[in-house]
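To start, the structure under review is shown below, and the notes come after it.
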Amino acid sequence: MAQKKHSRKLFTGVVVALLAAALTYAFWPRPLLVDIGEVKRLPMVVTINEEGRTKVRHAYVVSTPIAGRLLRVEVEPGDAVVRGETVVARMLPTSPSALDIRTREQAQATVQSAEAALRVAQADMNKARADTELAESNLERTQKLHSSGIVSAAALQRDETAARLAEANLDTARAAISMRIAELNSARAMLISFDDQGLGHAAAEQNTDAIPLLAPTSGLILQVKQQSEIALPAGTPIIEIGNVAEDLEIEAELLSSDAVQVQNGARVIIDNWGGPERLEGIVERIEPWGFTKYSALGVEEQRVKVKIGFVSPPAARQGLGHGFRVEVRIVTWQADAALTIPSSSLFRTEGGWAVFVANDEGRAEQRAVTLAANNGMLAAVSDGLEGGERIVLYPSATLSEDSRIAQRAVEG
């Protein structure tokens, strides 16, 4: 009986000890599992990323020099042209417009007036011709009498003057007739209308040669704005010409807060343009005037235009033309061997940045750091860390100073 009591006590003690050990193990503080990375020296760049459009820096627009009828344009976009040699379009003078009743009646009255003035001028010429014939006859008779000594020299001189005056009046009458004929032709031209087939054909026969429009610069046809034959007023754009190979640039619209960080001469990485390799560019001009633009979500933004020139040769960007979409990354900071950490390891504290360093004792040590740059993926540290140190990559809210930590097992 005593032996059974002793065995029961021993068994109970063992059970209690095992239960206590299990509870102690269950509630014993364990290290917090975290992802740990290493501080490394790596090349790093900080960029402003934006979408851009290519454009020819100096594009030439060929416009109609006069109002007239444009003949069908034969050139196509992509055709090469030579300055001053290639004919890009041809024009004919404009056809006369239709006349309303009042304008036609006024023009007809002007024609009748010009015809009457011409008849008056012809009558004046006939009178002047008769006066000239009379003066010449008197002069001839006076010359004979003067040679016989019957008429004085004064009479001869008077008849000579009268003959010259009559000849001058005849020349004046002839000039007046020419002037009246021109006025009559001008008045008749006012009657020409697009529905006046006879006069219209007569006027067209005098202007059968089309006016050629030559290329103002050498390059390629970028765009044909008017293809078919059509009547156009003066100054209407017809064709746009530019040199895609040598005069191509990129225009990007940056947020004004980003534009103030960019300097002229900054390096630009051009990506996703369709070619196999990235292109290099340089910021050439930052416009001083901003404008308001609404994003796809309806957010009002202040944008600034930035002009970017190509550094890569034309052979490296074959196929890139006017108005093509590209992605540009404007470099605002770069270093060949920066002390870098993942941006996910940073957190704010006391107005600055800090990280948790995993020390040799397996505990988290909070340390303030000073950043030189941050591109959203990597951060360059200028003070507070050394190369090779281990840091917590994704610090949680439960992690604090001197907490026990351990590396989370990597699956796979």
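The values are calculated or read from the model by the stated rules, or taken from the named source; none is laboratory data. All values derive from a computational prediction rather than experimental measurement. Note that each Cβ is placed from the backbone with ideal geometry, even for glycine, and that neighbours are counted across all protein chains shown.
Some values worked out for this structure:
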item: Close pairs from segment 325-347: first over 15 Å from Arg278 (Cβ atoms), partner part of a strand (DSSP E or B) and among the polar types (S, T, N, Q), Cβ under 7 Å, at least 6 apart; result: Thr332/Thr47; Ser343/Asn374
item: Test: residue in segment 314-327 that is assigned by TED's automatic domain parsing to the domain that holds Asn374, hydrophobic (A, V, I, L, M, F, W, C), assigned to a strand (DSSP E or B) and surrounded by 11 or more Cβ atoms within 10 Å (Cβ to Cβ); result: yes
item: Qualifying residue in segment 403-411 (condition: of a type in the set (A, V, I, L, M), surrounded by 13 or more Cβ atoms within 10 Å (Cβ to Cβ) and modelled with pLDDT of 90 or more); result: no
item: Qualifying position, being touching an Asp or Glu at 6+ places or on another chain (Cβ under 7 Å), crowded, with 19+ Cβ neighbours inside 10 Å and within 30 Å of Glu301 (Cα to Cα), among Leu222, Leu279, Leu254, Leu248; result: Leu254
item: From the options Ala252, Ala210, Ala215, residue that is modelled with pLDDT of 95 or more, in contact with a strand residue (DSSP E or B) (Cβ under 9 Å, 6 or more places away or on another chain) and small (Gly, Ala, Ser); result: Ala252
item: Unmet requirement for Glu350, which otherwise passes all of (1) modelled with pLDDT under 90; (2) surrounded by fewer than 14 Cβ atoms within 10 Å (Cβ to Cβ); (3) among the charged types (D, E, K, R); (4) on the phi < 0 side of the Ramachandran plot; result: (4)
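Matching residues to (1) small (Gly, Ala, Ser); (2) out of contact with any helix residue (DSSP H, G or I) (no Cβ under 7 Å at 6 or more places or on another chain); (3) surrounded by 12 or more Cβ atoms within 10 Å (Cβ to Cβ):
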position	(1), (2), (3)
Asp124	no, no, yes
Lys127	no, yes, yes
Ala130	yes, yes, yes
Leu139	no, no, yes
Leu145	no, yes, yes
Ser152	yes, yes, yes
Glu167	no, no, yes
